[in-house]
1. Subtract the Cα-Cα distance of LEU133 and LYS38 from 0.36 nm times their separation in residues, and report this length gain in nm to one decimal.
2. Could you list, in their original order, any pairs among LYS38/LYS97; LYS46/LYS120; LYS46/LYS137 whose Cα atoms are separated by more than 28 Å?
3. Given +1 on the Cβ of Lys and Arg, -1 on the Cβ of Asp and Glu, and no further charges, what dipole in debye does the chain carry about its Cα centre, rounded to the nearest 20?
4. Restricting to DSSP H runs of at least four residues, report the calculated mean residue ellipticity at 222 nm for the chain, -39500 (n - 2.57) per run over all residues, nearest 500 deg cm²/dmol.
5. Using heavy-atom solvent-accessible surface (probe 1.4 Å) with all chains present, what is the largest-first order of ARG79, ARG53, ARG139?
6. For the chain, restrict the atom set to alpha-carbon positions and state the Rg and Dmax in Å.
7. Figure the gain on full extension for TRP56 and SER16 (residue separation times 0.36 nm, minus the Cα-Cα span) and round it to one decimal in nm.
8. So, for region 2-115, what is the accessible surface per residue at a probe of 1.4 Å, expressed in square angstrom?
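The values are calculated or read from the model by the stated rules, or taken from the named source; none is laboratory data. These figures come from a predicted structure and were not determined experimentally. No Cβ is skipped: glycine too gets one built from the backbone with ideal geometry, and neighbour counts run over all protein chains shown. These accessible areas exclude ligands, DNA and RNA; they are computed on the full protein's heavy atoms, side chains included. Shrake-Rupley method; radii C 1.70, N 1.55, O 1.52, S 1.80 Å.
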Amino acid sequence: MSSPYDSPALRTIFASLIRKAGGGPSVVVAVEELTGRKMSVGTLSKISNGDMRMDWEVAFILEDIVEEFPFQEYLNARRDQTISQSDQHRLALAALKEIGEVPAAVLHFITTGESTLLEKEGAEGSAAIQALLDYVKARAA
């Protein structure tokens with residue numbers, strides 16, 4: 001059974017974003033500059049063709065570079081389809097949403113030197129993670 005977060009359709013979108021971002025060599029440089037991670041063009045190809053697991057950090061970087069957000073739209077649509085959610089589920093989704101906005105804010109800060117967006121999104125992401133951690137700690141007690 002395939003994970004809903006690891007499908008051929010999502011891999012096709014991943015490959016499309018690589019092309020729109022200037023191709024594999026450009027993406028490799030961008031990923032290293034933004035994250036410090038070293039990867040090869042071959043790694044991107046393996047992710048695109050299903051020989052490696054989807055790398056969501058790279059997927060979100062690609063969205064930010066291209067300024068198209070098909071993965072985030074997909075994730076938002078899945079969230080919106082959920083009729084009822086537990087507190088745990090709701091807090092986890094809120095944390096994912098808020099921290100998902102941080103990479104674009106970081107990229108904005110790196111490229112412009114302007115920190116307002118990073119301060120806003122960083123604080124919101126931290127607050128959402130803290131709410132989830134508080135919930136987890138309360139359950140363990």
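1. Result: 31.1 nm gained on full extension.
2. LYS46/LYS120; LYS46/LYS137
3. I would put it at about 520 debye.
4. Mean residue ellipticity, 222 nm, calculated: -24000 deg cm²/dmol.
5. If we order ARG79, ARG53, ARG139 from most to least accessible, we get ARG53, ARG139, ARG79.
6. Radius of gyration, then largest Cα-Cα span, for the chain: 16.5, 50 Å.
7. 12.9 nm
8. Averaged over the residues of region 2-115, the accessible area is 58 Å².
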